[in-house]
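Below: the structure, in structure tokens.
Values in this text are rule-based calculations from the coordinates and carry no lab data. The shown structure was predicted, so the numbers you read here are calculated from the model rather than taken from an experiment. Heads up, the Cβs are rebuilt from the backbone with ideal geometry, glycines too, and the neighbour counts pull from every protein chain shown.
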């Protein structure tokens, strides 16, 4: 990339390896600066608008924190029921209106392609914070930043992605940004929730090794890192199938002890029961550190699309 | 006016022609300043409280943007269900409480006269952001600012107001502020939704020409500017009547092409289908510019009631 | 206390007399500073997260005002339905996530002990803004600050606490902080809603005189200050009992005139009908001043737990 200035952030596949290297570098710079002082002034006077059409705590608060740590301000649409969306306004019109007020927009919406739709309607940068079962590129970048930080490097890694790989937008976006680094993937899912074939094939095409399995024990024992996600009960027509599957994808301390090797565990959170709280004190349990990294990476992305880095 | 310092902004008819001239001048000054830098520091340390008892995106976010662009802070009551209103608190008590925290209050409430009620309860300035079918004076001022900017002057204008003129608080407020400028009005509405006679008579008394009609084609072809509003289905007992009426008050590109003259089109938004998206690229389609002007005008009003201009 | 730096604020009984003296002094200092300028910069760059799992207007807005008057920023979880709590996240996980973003957390939650639970999960200071029928320590401190300011001193006071003393977390916390000052209490409640015996006994053990009664006229006529609270209809199984009780605990101007002495009246608000609006102009009606004091006291607490005072 010459620069992210004025660009939208919509899809994990929009970044080259060099883009990712720069984003990591800028994120890391902010992480270091925040160790010296609580906030910076780089985006003083800029305003971020957050438009969340689906529930969120961490993504929205993480962006709002990032913006404020850079000295900027925030306007937040709030619940859909209290907004003009309740009067029947289209996403394009809402985005165009908000673009008259703010300098950058972050949008989450249940429809695949919605962030692109908003981006097409406005002249200011739009950042996709989740479009249905589509993409969640800033999550992917903070995951990648975390992996690199926890494991020291992105080279020659074996990574198991576990859970609902069919509908999980975070894993869809994560494999895209990891594909530049020759990762060896284990896609661990029940047959109903396998990674879409199109994505699996693209990963192979990019030189990644991919092993698809439903065996978490095998995959975890061969991986450096396990990326857990929630399995959503509502996707199953046969609930006994769900119960069986659900049980096999729970990590607890006993599971980790049996592995006889140290691994790193990530999760985009919120978790329900797929990671037992007794894992929280395990040294490789990095999912709360992962949350903190989200602030640095989103600071980098906000600063870059606003042309300040 | 000597000054708006400490005053409430409740009704379109509270402004003299000279008041309006000053508000336009201050708004224009802020618009120019924001071209040079993203934000100012005039209201640094001041706090705006937004109390919205009805859905809103643009009015609330516009005020919150205006306050932050002036360096001030914002506190927002949020959804009514999560507030003490859910415990049975009166509007007066809520306003009095919030007045202990903030320096200025913006209120939207479904009851006509509610903003006045809040203003009577507190010592700090209260700004009416819509009181039921009553008034919406800051919308009126930003509309007027937009008309002046788009058309170069407010003199000798022909303006068609279209849609639900009975219940539309934005048009009720707009005609009040326009009445100082000898405007020639076309009030275009189905018979059920005509402008209240009291308002029509007052406009005539102030020297405005008023033509009431249900013929949009005629009115648009004779006007410099068409101000569209939403027709609300729920006001009609006879739905076939609604369908007929609704159909006649849609503007699309074909409609505009048939006019054989350039006009300016405003709309307070959100729109549902009364302006077709194919109009958005028409040069006179000023409704998104109108949104942006709202920030400048609200900056002016906030600064003025807080005694900083 | 050596210092409140890094400490949680969970319970009225955690403060020594000396702690309270210092908090009053710091609060008073901020009150004076805010008379000279609208806001300070002591917490510039710090971020407060507000997590309210129950309706609130004044407590949340008061904290958000306090933080902004000190130059800090705010992130707000918003309505529970729009947060990750809707996805089944535990309070501990929500708190741990938010602790990655913010420097201090304020939490309100319907479960007794919830604030402690959140505090145990994170390394940053947590402030309890109400845990069910448990505690509300910052309300207690602002009440105490108000009493001292209205009456000039905390010594030898006679104070009537009126209403639902069984479930009222504000009175539970208030008696704890007042217990250091040898207060003479009248606990005025219907028999169903009496102060928990454990609290009454502890107050006596600390040298406070306690008289339990259901006679408001008697108690008010002997007290310097009456602290009113709402009686919650839903606690009564026998509604005729409720109606009788409710009627006896209403203060209006006539009631005050009959007392033949001046008293001070506080209420944590919102009120429903237990204080008639005709009392608002009574010189001793201090409940809106009480709201304003909340900002100064919360500024003090935020500054102190963040190690800036």
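Using only Cα atoms, find the angle between the long axis of helix A:169-178 and the longest principal axis of chain A, and express it within 0 to 90 degrees, rounded to the nearest 10. Result, in degrees: 90.
Shown here is the pair-distance distribution of the stretch B:137-290: with all Cα-Cα distances grouped in 10 Å bins from zero up to the longest one, the shares run 11, 45, 36, 7, 0 percent. DSSP beta bridges fully contained in the protein assembly as shown are about 0 percent antiparallel. Between the C-alpha center of the stretch B:135-213 and that of the stretch A:118-147 there is a gap of 44 Å. Under a Gaussian network description of chain C, with springs only between Cα atoms under 10 Å, the residue in C:228, C:218, C:67 that fluctuates furthest is C:218. With R₀ set to 25 Å, the beta-carbon distance separating residue B:17 from residue B:120 gives a calculated FRET efficiency near 0.40.
The angle between the Cα long axis of helix B:17-36 and the longest principal axis of the Cα atoms of chain B comes to about 80 degrees, rounded to the nearest 10. Once you've got the GNM for chain A with C-alpha springs shorter than 10 Å, pick whichever of A:254, A:212, A:54 has the biggest mean-square fluctuation. Greatest mean-square fluctuation among the candidates belongs to A:254. Applying 1/(1 + (r/R0)^6) with r as the Cβ-Cβ distance of residue C:44 and residue B:244 and R0 = 45 angstrom yields a FRET efficiency of 0.15. Between the Cα long axis of helix A:287-305 and the first principal axis of chain A there is an angle of about 40°, rounded to the nearest 10.
Panel order for A:238, C:120, by other beta carbons found within 10 Å of each beta carbon, from fewest to most: A:238, C:120.
For residue A:90 and residue A:232, a Förster radius of 30 Å and the Cβ-Cβ distance give a FRET efficiency of 0.60, rounded to the nearest 0.05. Taking every DSSP helix (H) stretch of at least 4 residues in chain A, weighting each as -39,500 (n - 2.57) and dividing the sum by the residue count yields a mean residue ellipticity at 222 nm of -12500 deg cm²/dmol.
Summarising the strand pairing of the stretch C:117-222, around 0 percent of its internal DSSP beta bridges are antiparallel. For the rotational copy relationship between A and C, the axis lies nearest to a chain A beta carbon, identified with its distance in whole angstrom as A:79, 3. Sorted from closest to farthest, the other copies place their residue C:201 label points 7.6, 7.6 nm away, with each point set 7 Å from Cα along Cα→Cβ. Approximating the spin labels as points 7 Å out from Cα along Cα→Cβ, the residue B:184-to-residue C:259 distance works out to 6.8 nm. Highest mobility in the GNM of chain B, judged by mean-square fluctuation with C-alpha springs under 10 Å and restricted to B:44, B:260, B:158, is found for B:260.
Our summary gives chain A a relative contact order of 21 percent, counting only alpha carbon pairs under 8 angstrom and 6 or more residues apart. For the pair residue A:37 and residue B:35, label points projected 7 Å from Cα toward Cβ lie 3.2 nm apart.
A simple spin-label model places the labels of residue A:212 and residue C:273 6.8 nm from each other, with each point 7 Å out along Cα-to-Cβ. Under 18 Å from the 7 Å Cα→Cβ point of residue B:222, by amide nitrogen: which residues of the stretch B:255-272? So the set is B:259-264.
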